Amino acid sequence: MSHGPYTPCDPIQCILPPHMVESMRMRGDKKMQKMCDMLEKHGEKFRAERMKMAPPQAFLGVAAVATGVKPKPNREVYDAQNRNSLPGKLARDEKSKASKDKAVNDAFNGAGDTFKLYLDNYGRNSLDGNGLTMVSTVHYSRNYNNAFWNGRQMVYGDGDGVIFKPLSGDRSVIGHELSHGVVQFSGGLVYREQSGALNESFADVFGALTVQYKKKQSPCDADWLIGADILGPNINGVALRSMRAPGTAYSDPVLGTDPQPYHMDLYVHTASDNGGVHINSGIPNHAFYLLANYLKSPAWEKAGKIWYDTMQAINNPLATFNDWANKTVDIARGLHGAGSLEVTFTRRAWKLVGIDV
(Lines give C-alpha, C1' and ligand atoms only; values in the text may rest on other atoms or scores of the structure.)
Protein backbone atom coordinates (compact mmCIF):
# COMPACT_ATOMS: atom_id res chain seq x y z
CA MET A 1 0.00 0.00 0.00
CA SER A 2 1.36 3.42 -0.90
CA HIS A 3 1.82 5.76 2.04
CA GLY A 4 1.46 8.87 -0.05
CA PRO A 5 3.27 12.14 0.54
CA TYR A 6 3.91 13.59 3.96
CA THR A 7 1.18 15.84 5.25
CA PRO A 8 1.63 19.31 6.78
CA CYS A 9 1.53 17.76 10.27
CA ASP A 10 3.95 14.90 9.72
CA PRO A 11 5.84 14.01 11.79
CA ILE A 12 5.93 16.98 14.18
CA GLN A 13 2.75 15.80 15.87
CA CYS A 14 0.34 18.73 15.46
CA ILE A 15 -2.95 19.09 17.29
CA LEU A 16 -4.69 20.13 14.06
CA PRO A 17 -5.52 17.08 11.92
CA PRO A 18 -4.28 17.31 8.31
CA HIS A 19 -7.73 16.45 6.95
CA MET A 20 -9.01 19.57 8.69
CA VAL A 21 -6.26 21.68 7.11
CA GLU A 22 -7.16 20.28 3.69
CA SER A 23 -10.85 20.99 4.26
CA MET A 24 -10.04 24.61 5.12
CA ARG A 25 -7.88 24.88 2.01
CA MET A 26 -10.62 23.53 -0.26
CA ARG A 27 -13.56 25.39 1.27
CA GLY A 28 -12.03 28.60 2.58
CA ASP A 29 -11.36 31.93 0.92
CA LYS A 30 -7.99 33.09 -0.40
CA LYS A 31 -6.91 34.30 3.02
CA MET A 32 -7.60 30.90 4.52
CA GLN A 33 -5.87 29.12 1.65
CA LYS A 34 -2.81 31.28 2.28
CA MET A 35 -2.97 30.32 5.95
CA CYS A 36 -3.04 26.61 5.03
CA ASP A 37 -0.04 27.13 2.76
CA MET A 38 1.79 28.64 5.74
CA LEU A 39 0.94 25.65 7.93
CA GLU A 40 2.35 23.35 5.27
CA LYS A 41 5.51 25.43 4.88
CA HIS A 42 6.15 25.44 8.61
CA GLY A 43 5.46 21.71 8.80
CA GLU A 44 8.09 21.03 6.16
CA LYS A 45 10.62 23.19 8.01
CA PHE A 46 10.21 21.47 11.34
CA ARG A 47 9.98 18.04 9.75
CA ALA A 48 13.42 18.57 8.24
CA GLU A 49 14.81 19.69 11.59
CA ARG A 50 13.30 16.76 13.44
CA MET A 51 14.67 14.24 10.96
CA LYS A 52 18.17 15.46 11.87
CA MET A 53 17.61 14.66 15.52
CA ALA A 54 19.00 11.55 17.19
CA PRO A 55 16.54 8.65 17.43
CA PRO A 56 14.34 8.79 20.52
CA GLN A 57 15.72 6.97 23.53
CA ALA A 58 13.61 4.65 25.58
CA PHE A 59 12.51 5.64 29.07
CA LEU A 60 14.97 4.11 31.49
CA GLY A 61 12.48 3.66 34.28
CA VAL A 62 14.00 6.03 36.84
CA ALA A 63 11.50 5.99 39.68
CA ALA A 64 10.59 9.36 41.12
CA VAL A 65 10.57 7.95 44.65
CA ALA A 66 14.03 6.39 44.40
CA THR A 67 15.85 9.46 45.71
CA GLY A 68 13.35 10.14 48.47
CA VAL A 69 12.86 13.67 47.16
CA LYS A 70 9.80 14.41 45.08
CA PRO A 71 10.91 15.94 41.77
CA LYS A 72 9.61 19.31 40.70
CA PRO A 73 8.97 20.48 37.14
CA ASN A 74 11.55 22.56 35.33
CA ARG A 75 9.58 24.76 32.91
CA GLU A 76 10.63 27.48 30.52
CA VAL A 77 8.15 29.48 28.44
CA TYR A 78 9.38 31.68 25.61
CA ASP A 79 7.64 34.36 23.57
CA ALA A 80 8.20 34.14 19.81
CA GLN A 81 6.77 37.66 19.50
CA ASN A 82 4.85 36.60 16.38
CA ARG A 83 8.03 35.55 14.63
CA ASN A 84 8.88 32.10 13.29
CA SER A 85 12.15 31.51 15.12
CA LEU A 86 12.41 29.24 18.17
CA PRO A 87 12.50 29.31 21.05
CA GLY A 88 12.14 33.13 21.26
CA LYS A 89 12.54 35.40 24.29
CA LEU A 90 12.34 33.85 27.76
CA ALA A 91 9.07 34.99 29.34
CA ARG A 92 8.73 32.77 32.42
CA ASP A 93 10.62 30.03 34.25
CA GLU A 94 10.58 28.44 37.71
CA LYS A 95 12.34 31.45 39.25
CA SER A 96 10.02 34.13 37.91
CA LYS A 97 6.57 35.31 38.93
CA ALA A 98 3.42 34.87 36.90
CA SER A 99 3.38 36.85 33.69
CA LYS A 100 0.81 39.43 32.66
CA ASP A 101 0.54 37.45 29.43
CA LYS A 102 -2.24 34.84 29.64
CA ALA A 103 -0.70 32.62 26.94
CA VAL A 104 2.59 32.47 28.86
CA ASN A 105 0.84 31.48 32.08
CA ASP A 106 -1.41 28.96 30.31
CA ALA A 107 1.58 27.20 28.74
CA PHE A 108 3.49 27.27 32.03
CA ASN A 109 0.61 25.97 34.15
CA GLY A 110 -0.50 23.42 31.55
CA ALA A 111 2.99 21.94 31.46
CA GLY A 112 2.86 21.76 35.26
CA ASP A 113 -0.49 19.96 35.20
CA THR A 114 0.86 17.42 32.71
CA PHE A 115 4.02 16.92 34.78
CA LYS A 116 1.88 16.36 37.88
CA LEU A 117 -0.32 13.78 36.16
CA TYR A 118 2.66 11.66 35.13
CA LEU A 119 4.61 12.06 38.37
CA ASP A 120 1.80 11.53 40.86
CA ASN A 121 0.23 8.54 39.13
CA TYR A 122 3.00 6.80 37.21
CA GLY A 123 6.21 7.93 38.92
CA ARG A 124 7.50 9.57 35.76
CA ASN A 125 9.77 12.58 36.23
CA SER A 126 8.97 14.76 33.20
CA LEU A 127 8.65 13.61 29.60
CA ASP A 128 11.84 11.55 29.50
CA GLY A 129 11.53 10.17 33.03
CA ASN A 130 14.73 11.95 34.01
CA GLY A 131 13.66 15.52 34.70
CA LEU A 132 13.76 16.94 31.17
CA THR A 133 13.17 20.70 31.04
CA MET A 134 9.73 21.34 29.58
CA VAL A 135 10.23 24.10 27.02
CA SER A 136 7.31 25.92 25.41
CA THR A 137 6.98 28.82 22.98
CA VAL A 138 3.84 30.95 22.68
CA HIS A 139 2.81 33.61 20.17
CA TYR A 140 4.43 31.65 17.36
CA SER A 141 4.06 33.38 13.98
CA ARG A 142 0.94 35.46 13.27
CA ASN A 143 -2.59 34.09 13.62
CA TYR A 144 -1.06 30.60 13.65
CA ASN A 145 -3.78 27.96 13.80
CA ASN A 146 -1.84 25.11 15.32
CA ALA A 147 0.20 23.73 18.20
CA PHE A 148 2.85 21.03 18.01
CA TRP A 149 5.62 19.09 19.71
CA ASN A 150 8.73 19.27 17.52
CA GLY A 151 10.80 16.67 19.35
CA ARG A 152 12.44 19.22 21.63
CA GLN A 153 9.74 21.62 22.76
CA MET A 154 6.12 22.73 22.57
CA VAL A 155 5.00 25.47 20.17
CA TYR A 156 1.64 27.28 20.37
CA GLY A 157 -0.02 29.60 17.90
CA ASP A 158 -2.53 32.25 18.87
CA GLY A 159 -5.13 31.16 16.35
CA ASP A 160 -6.79 33.62 14.00
CA GLY A 161 -9.72 34.35 16.31
CA VAL A 162 -12.15 33.03 13.72
CA ILE A 163 -11.41 29.33 13.22
CA PHE A 164 -9.32 28.89 16.35
CA LYS A 165 -8.60 30.69 19.59
CA PRO A 166 -5.16 30.63 21.32
CA LEU A 167 -4.08 27.01 21.43
CA SER A 168 -2.22 27.40 24.71
CA GLY A 169 -5.58 27.98 26.39
CA ASP A 170 -6.66 24.33 26.35
CA ARG A 171 -5.25 21.84 28.87
CA SER A 172 -6.21 18.85 26.73
CA VAL A 173 -4.16 20.28 23.85
CA ILE A 174 -1.17 20.84 26.13
CA GLY A 175 -1.42 17.38 27.69
CA HIS A 176 -1.87 15.82 24.26
CA GLU A 177 1.16 17.45 22.69
CA LEU A 178 3.47 16.89 25.66
CA SER A 179 2.39 13.24 25.74
CA HIS A 180 3.89 12.86 22.27
CA GLY A 181 7.14 13.55 24.09
CA VAL A 182 6.37 10.73 26.52
CA VAL A 183 5.83 8.39 23.57
CA GLN A 184 9.09 9.59 22.03
CA PHE A 185 11.06 8.80 25.18
CA SER A 186 9.29 5.49 25.74
CA GLY A 187 10.66 3.83 22.62
CA GLY A 188 8.30 5.52 20.19
CA LEU A 189 5.48 4.45 17.89
CA VAL A 190 6.14 4.93 14.18
CA TYR A 191 3.92 7.73 12.92
CA ARG A 192 2.12 5.74 10.23
CA GLU A 193 -1.08 3.74 9.97
CA GLN A 194 -2.06 1.82 13.13
CA SER A 195 1.11 2.50 15.12
CA GLY A 196 0.74 6.19 14.28
CA ALA A 197 -2.93 6.11 15.28
CA LEU A 198 -1.87 4.56 18.60
CA ASN A 199 0.65 7.38 18.98
CA GLU A 200 -2.14 9.92 18.47
CA SER A 201 -4.53 7.99 20.69
CA PHE A 202 -2.05 7.76 23.58
CA ALA A 203 -1.65 11.53 23.35
CA ASP A 204 -5.43 12.02 23.34
CA VAL A 205 -5.88 9.70 26.32
CA PHE A 206 -3.34 11.49 28.46
CA GLY A 207 -4.47 14.89 27.21
CA ALA A 208 -7.92 14.04 28.51
CA LEU A 209 -6.45 12.66 31.75
CA THR A 210 -4.48 15.87 32.29
CA VAL A 211 -7.80 17.72 32.42
CA GLN A 212 -9.58 15.08 34.48
CA TYR A 213 -6.80 14.79 37.06
CA LYS A 214 -6.65 18.55 37.52
CA LYS A 215 -10.43 18.76 37.96
CA LYS A 216 -10.65 15.46 39.89
CA GLN A 217 -13.44 14.30 37.59
CA SER A 218 -15.03 10.87 37.45
CA PRO A 219 -15.32 9.16 34.05
CA CYS A 220 -19.03 9.94 33.87
CA ASP A 221 -18.51 13.62 34.73
CA ALA A 222 -15.70 14.25 32.22
CA ASP A 223 -16.51 15.53 28.74
CA TRP A 224 -13.83 13.39 27.01
CA LEU A 225 -13.19 16.13 24.46
CA ILE A 226 -9.86 17.11 22.92
CA GLY A 227 -9.58 20.79 21.99
CA ALA A 228 -12.93 21.94 23.38
CA ASP A 229 -11.57 25.38 24.26
CA ILE A 230 -9.86 26.28 20.98
CA LEU A 231 -12.69 26.36 18.43
CA GLY A 232 -13.65 29.80 17.17
CA PRO A 233 -16.95 31.42 18.21
CA ASN A 234 -18.89 30.55 15.06
CA ILE A 235 -17.57 27.04 14.42
CA ASN A 236 -20.27 24.37 14.42
CA GLY A 237 -18.70 21.85 16.76
CA VAL A 238 -17.66 21.10 20.32
CA ALA A 239 -13.99 20.09 19.90
CA LEU A 240 -11.41 18.57 17.58
CA ARG A 241 -12.20 15.03 18.77
CA SER A 242 -14.57 13.21 21.08
CA MET A 243 -13.45 10.04 22.85
CA ARG A 244 -16.97 9.41 24.07
CA ALA A 245 -18.47 9.58 20.58
CA PRO A 246 -15.84 9.61 17.81
CA GLY A 247 -17.19 11.14 14.61
CA THR A 248 -19.44 13.69 16.33
CA ALA A 249 -17.01 16.44 17.42
CA TYR A 250 -17.80 18.88 14.61
CA SER A 251 -19.73 19.37 11.39
CA ASP A 252 -18.83 22.72 9.93
CA PRO A 253 -18.99 24.29 6.44
CA VAL A 254 -15.27 25.14 6.58
CA LEU A 255 -13.77 22.44 8.83
CA GLY A 256 -15.81 19.64 7.31
CA THR A 257 -17.24 16.71 9.27
CA ASP A 258 -15.44 14.73 11.97
CA PRO A 259 -14.27 11.55 10.17
CA GLN A 260 -13.26 9.48 13.20
CA PRO A 261 -14.61 5.91 13.45
CA TYR A 262 -15.46 4.25 16.75
CA HIS A 263 -15.33 0.65 15.47
CA MET A 264 -13.08 -1.43 13.24
CA ASP A 265 -15.97 -1.97 10.82
CA LEU A 266 -15.62 1.75 10.02
CA TYR A 267 -11.81 1.80 9.81
CA VAL A 268 -10.68 4.37 7.24
CA HIS A 269 -8.15 3.11 4.68
CA THR A 270 -6.38 6.14 3.28
CA ALA A 271 -2.97 7.17 2.01
CA SER A 272 -3.34 10.67 3.44
CA ASP A 273 -2.61 11.67 7.03
CA ASN A 274 0.10 8.97 7.13
CA GLY A 275 -2.54 6.30 6.79
CA GLY A 276 -5.20 8.08 8.85
CA VAL A 277 -3.32 8.50 12.14
CA HIS A 278 -5.60 11.34 13.30
CA ILE A 279 -8.68 9.54 12.02
CA ASN A 280 -8.43 5.90 13.11
CA SER A 281 -7.16 6.93 16.56
CA GLY A 282 -10.87 7.20 17.36
CA ILE A 283 -11.01 3.42 17.75
CA PRO A 284 -8.46 2.98 20.58
CA ASN A 285 -9.70 6.30 22.03
CA HIS A 286 -13.17 4.86 22.38
CA ALA A 287 -11.82 1.61 23.82
CA PHE A 288 -10.11 3.58 26.60
CA TYR A 289 -13.27 5.60 27.24
CA LEU A 290 -15.30 2.39 27.55
CA LEU A 291 -12.77 0.79 29.91
CA ALA A 292 -12.65 3.85 32.16
CA ASN A 293 -16.43 3.91 32.41
CA TYR A 294 -16.65 0.18 33.09
CA LEU A 295 -14.14 0.50 35.92
CA LYS A 296 -15.89 3.61 37.31
CA SER A 297 -12.81 4.69 39.29
CA PRO A 298 -11.00 7.88 38.19
CA ALA A 299 -9.68 7.21 34.70
CA TRP A 300 -6.09 8.14 35.59
CA GLU A 301 -6.00 5.31 38.12
CA LYS A 302 -6.70 1.79 36.84
CA ALA A 303 -7.42 2.48 33.16
CA GLY A 304 -4.65 5.08 32.89
CA LYS A 305 -2.16 2.78 34.62
CA ILE A 306 -2.95 -0.03 32.18
CA TRP A 307 -2.44 2.29 29.18
CA TYR A 308 0.70 3.92 30.60
CA ASP A 309 2.33 0.58 31.47
CA THR A 310 1.44 -0.74 28.04
CA MET A 311 3.36 2.15 26.47
CA GLN A 312 6.40 1.26 28.56
CA ALA A 313 6.18 -2.48 27.87
CA ILE A 314 5.02 -2.75 24.25
CA ASN A 315 8.58 -2.53 22.82
CA ASN A 316 7.19 -2.52 19.28
CA PRO A 317 7.38 0.75 17.30
CA LEU A 318 5.17 -0.80 14.61
CA ALA A 319 2.48 -2.06 16.99
CA THR A 320 -0.97 -2.68 15.51
CA PHE A 321 -4.25 -2.18 17.34
CA ASN A 322 -4.31 -5.92 18.06
CA ASP A 323 -0.77 -5.80 19.44
CA TRP A 324 -1.69 -2.93 21.74
CA ALA A 325 -4.97 -4.51 22.81
CA ASN A 326 -3.28 -7.80 23.69
CA LYS A 327 -0.62 -6.00 25.69
CA THR A 328 -3.26 -4.05 27.65
CA VAL A 329 -4.86 -7.36 28.64
CA ASP A 330 -1.46 -8.72 29.69
CA ILE A 331 -0.79 -5.59 31.75
CA ALA A 332 -4.24 -5.72 33.36
CA ARG A 333 -3.64 -9.37 34.25
CA GLY A 334 -0.28 -8.55 35.82
CA LEU A 335 -1.72 -5.67 37.82
CA HIS A 336 -5.01 -7.18 38.93
CA GLY A 337 -4.95 -10.97 38.38
CA ALA A 338 -6.12 -13.31 35.64
CA GLY A 339 -9.74 -13.55 36.77
CA SER A 340 -10.16 -9.90 37.69
CA LEU A 341 -12.90 -7.56 36.56
CA GLU A 342 -10.15 -5.31 35.21
CA VAL A 343 -9.10 -8.00 32.73
CA THR A 344 -12.70 -8.82 31.84
CA PHE A 345 -13.55 -5.16 31.22
CA THR A 346 -10.38 -4.57 29.20
CA ARG A 347 -11.34 -7.42 26.88
CA ARG A 348 -14.92 -6.18 26.70
CA ALA A 349 -13.88 -2.62 25.83
CA TRP A 350 -11.80 -3.85 22.91
CA LYS A 351 -14.53 -6.21 21.74
CA LEU A 352 -16.99 -3.34 21.60
CA VAL A 353 -14.74 -1.52 19.13
CA GLY A 354 -14.32 -4.64 17.01
CA ILE A 355 -11.07 -6.10 18.36
CA ASP A 356 -11.14 -9.58 19.97
CA VAL A 357 -8.38 -10.29 22.49
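Here are some notes:
- Condition check for Y262: within 13 Å of P284 (Cα to Cα) and either touching a residue at least 12 places away in the same chain (Cβ under 8 Å) or assigned to a helix (DSSP H, G or I) (or both): yes
- Tally of residues being assigned to a loop (DSSP other than H, G, I, E, B) and either among the hydroxyl-bearing types (S, T, Y) or open to solvent by 40 Å² or more (accessible area, probe 1.4 Å) (or both) across the range 248-257: 2
- All conditions but one from (1) more than 18 Å from the chain's Cα centre (by Cα); (2) open to solvent by 30 Å² or more (accessible area, probe 1.4 Å) apply to A245; the one that does not is (1).
- All positions within the range 64-117 that are touching a residue at least 24 places away in the same chain (Cβ under 8 Å) and farther than 27 Å from Y144 by Cβ: A64, V65, K70, P71, K116
- Matching residues, the range 97-119, being more than 14 Å from V182 (Cα to Cα) and either open to solvent by 50 Å² or more (accessible area, probe 1.4 Å) or touching a Ser or Thr at 6+ places or on another chain (Cβ under 6 Å) (or both): K97, A98, K100, K102, A103, N105, D106, A107, N109, D113
- For F202, the criteria (1) more than 21 Å from T328 (Cα to Cα); (2) at pLDDT 95 or above hold in every case but one, which is (1).
- Scan of the range 218-244 for residues that are closer than 20 Å to A287 by Cβ and modelled with pLDDT under 95, ordered by number: none
- Within the range 253-285, the set of residues being over 15 Å from E193 (Cα atoms) and aliphatic (A, V, I, L, M) comprises V254, L255.
- The range 258-273, subset modelled with pLDDT under 95 and closer than 30 Å to P233 by Cα, residue least open to solvent (accessible area, probe 1.4 Å): D273
The values are calculated or read from the model by the stated rules, or taken from the named source; none is laboratory data. All values reported here derive from a predicted model rather than from experimental measurement. Quick reminder, even Gly has a Cβ in these numbers, built from the backbone with ideal geometry, and neighbours come from all protein chains shown. The accessibility values were calculated without ligands, DNA or RNA, using every heavy atom of the protein model including side chains. Shrake-Rupley method; radii C 1.70, N 1.55, O 1.52, S 1.80 Å.
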